[in-house]
Every structure is written in C-alpha cells, then in structure tokens.
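Here is the structure we will look at, set down as structure tokens.
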Amino acid sequence: MVRGAVQTGPLAYEIRSFPRPTIGPDEGLLRVEACGVCGSDVEQYRGHLVRPGMFPLIPGHEPLGVIEEVGERAAERWGVSVGDRVAVEILRPCRACDYCLTGRYMSCPNRDGAYGMTPLSRSPSLWGGFADYLYLHPWAILHKVRGDLPPEIAVMFNPLGAGVRWAAMLGEVGLGDTVLILGPGQRGLTSVIAARARGAGTIIVTGLSRDAHKLALAREFGADHTIDVEQEDVVARVTEITGGAMADVVLELTPIADQPIRDAIECVRHSGRIVLAGLKGGKQIELVTDRLINKGVTIRGAFGVNADAYIEAIRIIESGRFPLEKMASGTFELADTEAAIQALADGDAIHTCVCPDNGSAMAGIAASREEAANAG
Ligand SMILES: [Zn+2]
Ligand SMILES: [Zn+2]
C-alpha cells in the first residue's frame, strides 16, 4: 500500500492508504524523496484558496523523487530510466496548443490540472507530493537532478526556480545591476542567490524586525545591505546606499502589504524594472501612475515558474556554490505533514519539506496511527 497525507478540509489532515497504481506505457510512478512546503500549502491549510469540491486531496506540488516505474514510451519521451532522480513541475500542460508550442505552457488552456491540487476522486488519487509515491501523468514535466545531493537541498529547485525566474529572467538582472528585493522570505532569499549568480552589483534586501535571521542569511547569500523597514525608511536608505542612482531592478515579494508597492516605484531608477510577485489578497492599491510614466518604468507580473528557470536553478544547486542548507529549517516525516506546514506558517522557518522515507521509527508510528484510525 501507498501512504498519502490527505487534506480533508481546512486545518484537517489524515494519513490514508492507497493501492499502488498499475503503470501503462505512457505513464510513470515516482518514489517521493522530498516535497517542499509552499506558502500556498499554508494558505490552503488555513482554508484560503479553497475551491468547492477540491477536498479531499493529497497536497504537495514541489516533489522530488526517484523513478520507481516507467512505461516504455514514457521513458523514451522523458529520457529517464528507473532509478533516476527527477524534479517534477506543478503543471501538466498538453504540449500541443498554441501556448504550449510557443513556450508559454504555463497558460495552457488544455492542461490536465496541477499536482497537489487534483482531488482524490480522480484515479489513481496519487496527485500530490505529500505521499510515498506520486503518479506521473503522461503530460508531467520532469527535470533530472544529480542523485548524490541531500534530498532536502535538491528539493529547493522550486523556490530557487522562482528566484531565477523573477530576478534573473523577468527582472533581467545584468552585470553590475543594483537590485532591491522587498521581502526576505524563502523566495526573497533565492532571488538574492539568482541575482548574485547573474553578476548583480549591489543587492539590498528589506524585512521586518522579526526577520533579522532571514536578513542575516540574505547577507550570507550575497546581499550587500539589509533594511529593517520598522526601523528605517526604505526610500531614504536606498537613496543613501545608491548615492541617488536608485535600483535598476526592484522585486516586490511581500504578501498583503501595499506600502512596498509604492516603495518599489520610488526606489526604481528611471527606465528601471519592477517585478511584482507578492499577492495582495485581491485588494486595490492606490498608486500615482504618473510616477510610472515619468520614470519610464517596466512592470512585470510574475506568474509562476517555467522550465528555463527550473533548469537553471537545478544547475545552481548542483554547483554547490551557495550554502543552501542554511535555508533548510526542517524535514518532516509523512505523518507530520501538518507540523511541516505549521512550522512554515509560524513565520520563523524559511524552508521546510516532507520526506516520506525519513526515519522508519516515524513510519512505524504512522502505521500504528493508521491501524488505530481504521479500527476506530
Ligand atoms: Zn508552491
Ligand atoms: Zn497546451
């Protein structure tokens, strides 16, 4: 049997058993080594981002694992064999529509849903990374990852992919650029790494007073300056640091807060670039749009991450150039998936992941809990 951590509703998880699926010629089965916990898992746990009919389901959309079984045609198409370690992308696009054919597969209108968001009712139920095994649909996108890295580091392909996409690709960070990163969360930190890897000049990161440990880590990853927004004025500090030249690129990654958007507009240089990736819960934000016109600013919305960015992120991880282990705040057994999500929700953890195989003692406890649940 295969264990899966099933979310049955807001604040409700339970471990359930599933039959191992039979794999056809175009499909595969992944033995999950680690699955990253994402801010959206936290929101879904709290009962936000909930759509009618989505529960029960196995969440987890940042899976890393080893090919356990693969159909003959799928092996050829994906270029993988049993035993290869791969990272799995969240979306399952059709690869045939105009969007897919022009490289914008994240907008594929025919896509077969997303990992971590497909309900259990759809066979074979194993659609989430918080499980022993993940079903690999024919449209799944896989990227090979070197097998000798610790799984809790290799699984950072997802947040690092976001940093690469937002800073390097959408922000077009170039040699010597001054980069301002608003928000020091896991994606702010990976944006520091991506900006450093791209040859940025000065990197500045902002955070709250309680983010002191995250700002310290930002400096370890290569940030030159950090700003505590509760103690200092962001615009005044950026003006001082840059001698009035301001930032070539500003990344806005803070959730909900609207002031950082206005700070971004003030802190970007004339004809600079702003990347918006911090969701504001649908609220309206007051802006003086004349400032954007008069500064000739380019603004880009960051929707998700694509294969280009994942591939570059995997190369950065494999290079061993950055001490990514310092972002690892905890690995959790499958039975403790809820604890992994709560640890991230509490706000001090930077990156947590669920490693189903991690510690057979915990697996034993899970099995006995499961027996108790079935008996009850
Ligand atoms: Zn995510
Ligand atoms: Zn498509």
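The values are calculated or read from the model by the stated rules, or taken from the named source; none is laboratory data. In this text, all values refer to a predicted model and were calculated from it rather than measured experimentally. When the accessible area is computed, the model is the full protein with side chains, heavy atoms only, and any ligands, DNA or RNA have been set aside. Shrake-Rupley method; radii C 1.70, N 1.55, O 1.52, S 1.80 Å.
Which percent of the Cα-Cα distances in region 175-252 go past 14 Å? Could the numbers behind the result be given before it?
Values: 1594 of 3003 pairs.
In whole percent, the long-distance tail amounts to 53.
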For region 288-298, 3J(HN,Hα) per residue [Karplus equation, 6.51 cos²θ - 1.76 cosθ + 1.60, θ = phi - 60°, Hz, x = Gly/Pro]
9, 5, 4, 4, 5, 5, 5, 8, x, 7, 9
Hey, what do the phi angles of region 49-62 turn into as Karplus ³J(HN,Hα) couplings, whole Hz, using 6.51/-1.76/1.60 and θ = phi - 60°, x for Gly and Pro?
6, 9, 10, x, x, 7, 9, x, 7, 9, x, x, 10, 10
Accessible surface of the chain [probe 1.4 Å, protein heavy atoms]: carbon and sulfur percent
51
Specify the residue with the greatest mean-square fluctuation among V164, V50, V275, computed from a Gaussian network of the chain linking alpha-carbon atoms under 10 Å apart.
V50
Suppose only helical runs count, i.e. DSSP H with n ≥ 4. What mean residue ellipticity at 222 nm does that imply for the chain under -39500 (n - 2.57) per run, divided by all residues and rounded to the nearest 500 deg cm²/dmol?
-8500 deg cm²/dmol
So what's the Cα pair-distance distribution over region 1-103, bin width 5 Å, in %?
2, 10, 16, 19, 19, 16, 11, 5, 0
Per-residue HN-Hα couplings for region 270-287 [Karplus 6.51, -1.76, 1.60; θ = phi - 60°; Hz; x = Gly/Pro]
4, 6, x, 10, 10, 10, 9, 9, x, 6, 10, x, x, 7, 7, 10, 7, 9
Amide hydrogen neighbours beyond the local backbone of R300, cut-off 5 Å, H modeled
I274, V275, L276
Relative contact order of region 112-195 (C-alpha contacts under 8 Å, at least 6 apart) in percent is 22
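Hey, what's the Cα Rg ratio for the chain versus the globular rule of thumb, 2.2 N^0.38 Å?
1.01
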Compute the distribution of all C-alpha to C-alpha distances in region 137-275, in bins of 10 Å from 0, and list the percent of pairs in each, rounded to whole numbers.
13, 43, 30, 11, 4, 0
Counting DSSP beta bridges with both ends in the chain, the antiparallel % (nearest 5)
55
If I build a Gaussian network model for the chain, linking alpha-carbon pairs within less than 10 angstrom, which residue out of P19, P59, P93 has the largest mean-square fluctuation?
P19
Search the structure for amide H atoms under 5 Å from the amide H of T254, placed 1.01 Å from N in the peptide plane, and list their residues when 5 or more places away or on another chain.
G278
Using a 1.4 Å probe and ignoring any ligands, DNA or RNA, find the accessible area of T118 and quote it in Å² to the nearest 10.
10
With N set to the number of residues, divide the alpha-carbon radius of gyration of region 127-209 by 2.2 N^0.38 Å and report two decimals.
1.33
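When Rg is the radius of gyration of the Cα atoms in region 156-196 and Rh is its Kirkwood radius, what does Rg/Rh come to?
Working: Rg = 9.2 Å, Rh = 9.8 Å.
Result: Rg/Rh = 0.93.
So what is the relative contact order for the chain, in percent, with contacts set as C-alpha pairs under 8 Å and at least six apart? All intermediate terms of the calculation are to be shown ahead of the outcome.
Values: 825 pairs, mean separation 62.2, N = 376.
Across the chain, relative contact order equals 17 percent.
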Debye intensity ratio I(q)/I(0), log10, region 43-187, q values 0.08, 0.18 Å⁻¹ (C-alpha model)
-0.27, -1.26
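How big, in percent, is the set of alpha carbon pairs in region 108-162 lying more than 13 Å apart? Let's see the in-between values first.
On the way: 1036 of 1485 pairs.
Everything past 13 Å amounts to 70 percent.
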Surface per residue (accessible, 1.4 Å probe) for the chain, Å²:
42
